[in-house]
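The next block holds one structure in the form of structure tokens; read it before the comments.
Please treat every number below as a calculation from the coordinates, not as lab data. Since we're looking at a predicted model, the values are computed, not measured. With ideal geometry, Cβ positions are generated from the backbone for all residues, glycine too; neighbour counts draw on all protein chains shown.
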């Protein structure tokens with residue numbers, strides 16, 4: 001015969017059921033927490049509604065000189081994106097701005113210098129819109145005007161998008177992406193915080209320079225490659241796509257990342273189709289061929 005021993009584990013005694021008084025206290029605490037949460041949500045929504053309710057849309061535009069060959073655009077501290085486009089339907093160059101500003105604040109206004117060479121945007125930067133995309137400035141250029149133009153741009157907050165064939169592009173952007181499409185004899189991009197990307201293969205005939213303190217640089221070229229390419233970033237990946245069979249004189253380096261050179265190389269810079277320097281402080285660096 002086999003004896004079966006069943007052991008019943010000792011369970012701690014169940015806690016006493018809450019009394020009517022303790023249940024009431026718990027309910028009061030829960031109601032208080034819910035009320036505080038609702039008040040917090042209402043406060044946040046109220047602040048947002050007050051900001052939105054006290055804002056308005058504003059606009060301005062200005063015609064640019066027909067024979068414009070060089071233009072400097074300065075938008076100051078305003079958080080605004082800038083778009084440059086070549087429009088075959090345009091008969092003259094012009095600038096248009098659309099902006100959200102606070103009620104009672106000064107209207108953003110485009111100002112063209114007496115010689116027509118400098119375009120500036122004046123206005124107030126509202127606190128609650130400080131980091132928002134609060135507006136857009138568009139430069140509309142006839143294609144023949146764009147091809148002969150040297151364009152210099154200064155921005156502190158906002159993206160820059162270029163979709164035009166220019167003579168030269170010089171861009172300074174502190175906080176925002178730089179997106180490129182089209183062509184130029186030379187491009188010089190200086191960026192503090194933001195990516196530099198080509199939105200498709202671009203054509204640059206002489207030199208392409210892009211320096212970023214913090215941000216990726218990814219650029220593909222088409223046609224004849226630039227004679228000189230010099231790109232660097234303090235933090236972020238670097239990817240350069242070169243057209244043709246080369247050979248190319250390439251110097252690539254990364255302090256804390258991998259380096260890949262996947263193009264035919266020329267060790268004599270004088271015999272190279274392009275001289276390329278690509279550097280990153282903390283990111284992978286790739287220089288490769290593209291179809």
258, 198, 232 arranged by Cβ crowding within 10 Å, fewest neighbours leading: 258, 232, 198
In nm, spacing of pseudo-spin labels at residue 214 and residue 251 (7 Å Cα→C-beta vector): 2.8
Gain upon complete extension [residue 122, residue 282; 0.36 nm per residue less C-alpha separation]: 53.8 nm
Mean Cβ count within 10 Å, highest first, over the residues of peptides 164-176, 266-278: 164-176, 266-278
Shape box of the stretch 177-291 [Cα atoms, principal axes, largest first, Å]: 35, 30, 22
Centroid-to-centroid separation of the stretch 206-230 and the stretch 129-204 [C-alpha atoms, Å]: 13
Over the stretch 177-291, relative contact order from alpha-carbon pairs under 8 Å, at least 6 apart, %: 23
